[in-house]
Amino acid sequence: MHITYRPKGVCSQLMEIDVEDGIIEKVVVKGGCNGNLQGISSLLVGMKAEDAIARMEGIRCGFKDTSCPDQLAKALKNCI
């Protein structure tokens, strides 16, 4: 399943995620903190979507109510 998600409340502008049989196969984030998001994306590959959601959901960025990892969790919820 391919997910295209437009995050809200963060610097990143677009998230594209491929999930097969509940396992994250690819993550590409456009905009935002490039190095950090590349690192997060790399760590997510091979992880169960459920586990990624559990680890990232609710993370905040500074005074914002959300973060790029939290938005990734919201995107992944669309596939489980």
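The values are calculated or read from the model by the stated rules, or taken from the named source; none is laboratory data. Given the structure is predicted, the values throughout are model-derived calculations rather than measurements. We place every Cβ from the backbone using ideal geometry, glycine too, and count neighbours over all the protein chains shown. Quick note on the areas: whole protein, heavy atoms, side chains included, nothing else; ligands and nucleic acids left out. Shrake-Rupley method; radii C 1.70, N 1.55, O 1.52, S 1.80 Å.
Annotations for the structure displayed:
- Candidate set from region 27-80 (those that are free of Cβ contacts under 8 Å to residues at least 24 places away in the same chain and on the phi > 0 side of the Ramachandran plot); member that is least open to solvent (accessible area, probe 1.4 Å): 31
- Tallying residues that are farther than 16 Å from residue 54 by Cβ, touching a strand residue (DSSP E or B) at 6+ places or on another chain (Cβ under 7 Å) and open to solvent by 30 Å² or more (accessible area, probe 1.4 Å) within region 14-26 yields 4.
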